[in-house]
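The values are calculated or read from the model by the stated rules, or taken from the named source; none is laboratory data. Computed from a prediction, not measured in an experiment: that's the story for all the values here. Just so you know, the surface numbers come from the protein's heavy atoms only, side chains and all, with ligands and any DNA or RNA stripped out. Shrake-Rupley method; radii C 1.70, N 1.55, O 1.52, S 1.80 Å.
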Amino acid sequence: AATAPLYIHAKAIIADNAQVFVGSENFSANSMNKNRELGIRTTNLAVLQTIGTTFERDWKQARPFVNN
């Protein structure tokens, strides 16, 4: 929403607490094959823990989006 305090296009996937993917792309054929998107996958424990902690904190503070 235009009044939202924060908008972010990034996506993050944590898999089995062993690796993390962070990127801008949507998970569609068009995004993956035709757009200039960026993503990275890492097993770096410090990165994994930081993203996991941030995700958990954001999730706890999240509120449902209501489109009026």
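Dividing the helix sum by the residues of the chain, where each DSSP H run of 4 or more adds -39500 (n - 2.57), gives a mean residue ellipticity at 222 nm of -10500 deg cm²/dmol. When Rg and the Kirkwood Rh are both derived from Cα coordinates, the Rg/Rh ratio for the chain amounts to 1.02. What a 1.4 Å probe finds exposed on the chain is 56% carbon and sulfur by accessible area, rounded to a whole percent.
In order along segment 27-32, phi translates into HN-Hα couplings of 8, 9, 4, 4, 5, 6 Hz, rounded to whole numbers, per the Karplus curve 6.51 cos²θ - 1.76 cosθ + 1.60 with θ = phi - 60° and x for Gly and Pro.
Rolling a 1.4 Å probe over the protein heavy atoms gives the chain an accessible area of 89 Å² per residue.
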